[in-house]
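Engineer: Take this structure, written in structure tokens, and hold onto it; I'll ask about it next.
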Amino acid sequence: DQQVKQNSPSLSVQEGRISILNCDYTNSMFDYFLWYKKYPAEGPTFLISISSIKDKNEDGRFTVFLNKSAKHLSLHIVPSQPGDSAVYFCAARTQGAQKLVFGQGTRLTINP
Amino acid sequence: DGGITQSPKYLFRKEGQNVTLSCEQNLNHDAMYWYRQDPGQGLRLIYYSQIVNDFQKGDIAEGYSVSREKKESFPLTVTSAQKNPTAFYLCASSKTQGYEGVNTEAFFGQGTRLTVV
């Protein structure tokens, strides 16, 4: 049972435009959500997170939106840059639990 | 600098052999994790440990074993019982999430690519 789903395996965006990566979840007990960026043959690096008590969190070019009623979150990157080309994973955690549950990842390609 | 180190980066194993992947962290984190990544799939949790001398099975623990004798170290053994061991293995660590709701992210190592030959 895939509790965290990223339904788009890949996304291609032109440099300078907005990239929107989506993530859906099924477990209503999740209360903390994270986005990670991963280059090939490297470990994921943390990008941004959001607690379930918020609906938006912004950090520079990155903004995460959370819609609890729809069990949906999204990551907006604007403006998109070539260095943003990577695989992006969303992850979720329930309160009091240590483990993170990851989605399948979305490969973002920024075209010049 | 503080961080999490996995070694080796590439590892080859013959079928039927056990192999141990190393993971060390100097971030003073209580919690440590092992994930596996296969092509086109997300990260799947193998084992995790919230404190020294204690660990729990993740979603795909069969064929793997771990130990947590020191706070800094969480080695993973891939045994001959693991049917499809070829994969990219990732170790991570984090502060312990408190029940008061303090949330922290997990930090990942650079990964070990294991190939069975």
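The values are calculated or read from the model by the stated rules, or taken from the named source; none is laboratory data. Since the structure is predicted, the reported quantities are computational estimates derived from the model, not experimental observations. Backbone-built Cβ (ideal geometry, glycine too); neighbour counts: all protein chains shown. Accessible surface is based on the protein model in full, side chains and every heavy atom, while ligands, DNA and RNA are left aside. Shrake-Rupley method; radii C 1.70, N 1.55, O 1.52, S 1.80 Å.
Engineer: Are any residues in the range B:1-28 in a loop (DSSP other than H, G, I, E, B) and under 14 Å from the mean Cα position of the chain (by Cα), and if so, which ones?
Structural biologist: If the condition is that a residue be in a loop (DSSP other than H, G, I, E, B) and under 14 Å from the mean Cα position of the chain (by Cα), then B:PRO8, B:LYS9 are the ones that fit.
Engineer: Also: Could you list all residues from the range A:52-83 that are in contact (Cβ under 8 Å) with a residue 12 or more places away in the chain, over 18 Å from A:GLN6 (Cα atoms) and among the basic types (Lys, Arg)?
Structural biologist: Correct list: A:LYS54, A:ARG61.
Engineer: With (1) within 14 Å of another protein chain (Cβ to nearest Cβ); (2) more than 10 Å from the chain's Cα centre (by Cα) as the list, and B:MET32 as the residue in question, which single condition is left unmet?
Structural biologist: (2)
Engineer: If you take the residues in the range A:91-106 that are at the interface with chain B (Cβ under 9 Å from one of its Cβ atoms) and in a strand (DSSP E or B), which one is farthest from A:GLY43 (Cα to Cα)? Break it down into steps so the answer makes sense when it comes.
Structural biologist: Kept after step one, since they are at the interface with chain B (Cβ under 9 Å from one of its Cβ atoms), are these residues of the range A:91-106: A:91, A:93, A:95-105.
This time we only want the ones that are in a strand (DSSP E or B), so: A:91, A:93, A:101-102.
Numbers: A:ALA91: 15, A:ARG93: 19, A:VAL101: 16, A:PHE102: 14 Å.
Step by step, filter the range A:91-106, then rank; the result is A:ARG93.
Engineer: Which residues, taken from the range B:41-81, are more than 21 Å from B:ARG13 (Cα to Cα), of a type in the set (A, V, I, L, M, F, W, C) and under 13 Å from the mean Cα position of the chain (by Cα)?
Structural biologist: Listed by number, the residues that qualify are B:LEU43, B:LEU45, B:PHE55.
Engineer: With the condition kept exactly as written, say whether any residue in the range A:34-54 is farther than 21 Å from B:ALA92 by Cα and away from chain B (no Cβ under 14 Å).
Structural biologist: Checked against the condition, which is being farther than 21 Å from B:ALA92 by Cα and away from chain B (no Cβ under 14 Å), the range A:34-54 yields no hits at all.
Engineer: Determine which single condition B:ARG44 fails, assuming it passes every other condition in (1) within 21 Å of B:THR115 (Cα to Cα); (2) assigned to a loop (DSSP other than H, G, I, E, B); (3) of a type outside the set (Gly, Ala, Ser); (4) within 14 Å of chain A (Cβ to nearest Cβ).
Structural biologist: (2)
Engineer: So, in the range A:55-90, of the ones that are more than 13 Å from chain B (Cβ to nearest Cβ) and among the aliphatic types (A, V, I, L, M), which residue ends up surrounded by the most Cβ atoms within 10 Å (Cβ to Cβ)? Steps first, answer last, please.
Structural biologist: Of all residues in the range A:55-90, those more than 13 Å from chain B (Cβ to nearest Cβ) come to A:55-56, A:58, A:60-63, A:65-86.
Filter again for among the aliphatic types (A, V, I, L, M), leaving A:66, A:70, A:73, A:75, A:77-78, A:86.
Numbers: A:LEU66: 19, A:ALA70: 9, A:LEU73: 25, A:LEU75: 23, A:ILE77: 23, A:VAL78: 15, A:ALA86: 21.
This residue is A:LEU73.
Engineer: On to the next question. Say we look at the range B:1-56 and pick out the residues that are open to solvent by less than 60 Å² (accessible area, probe 1.4 Å) and of a type in the set (S, T, N, Q); which of these is nearest to A:TYR39 (Cα to Cα)?
Structural biologist: Among them, the one singled out is B:GLN37.
Engineer: A further question follows. Counting only residues that are modelled with pLDDT under 95 and either in contact with a strand residue (DSSP E or B) (Cβ under 6 Å, 6 or more places away or on another chain) or under 25 Å from A:GLU42 (Cβ atoms) (or both), which one in the range B:61-85 is most open to solvent (accessible area, probe 1.4 Å)?
Structural biologist: B:ASN84
Every residue, every condition in (1) of a type in the set (Ser, Thr, Tyr); (2) part of a loop (DSSP other than H, G, I, E, B); (3) under 18 Å from A:VAL101 (Cβ atoms); (4) within 14 Å of another protein chain (Cβ to nearest Cβ), yes or no:
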site	(1), (2), (3), (4)
B:TYR48	yes, no, yes, yes
B:GLN56	no, no, yes, yes
B:SER65	yes, no, no, no
B:THR77	yes, no, no, no
B:ASN84	no, yes, no, no
B:GLN110	no, yes, no, yes
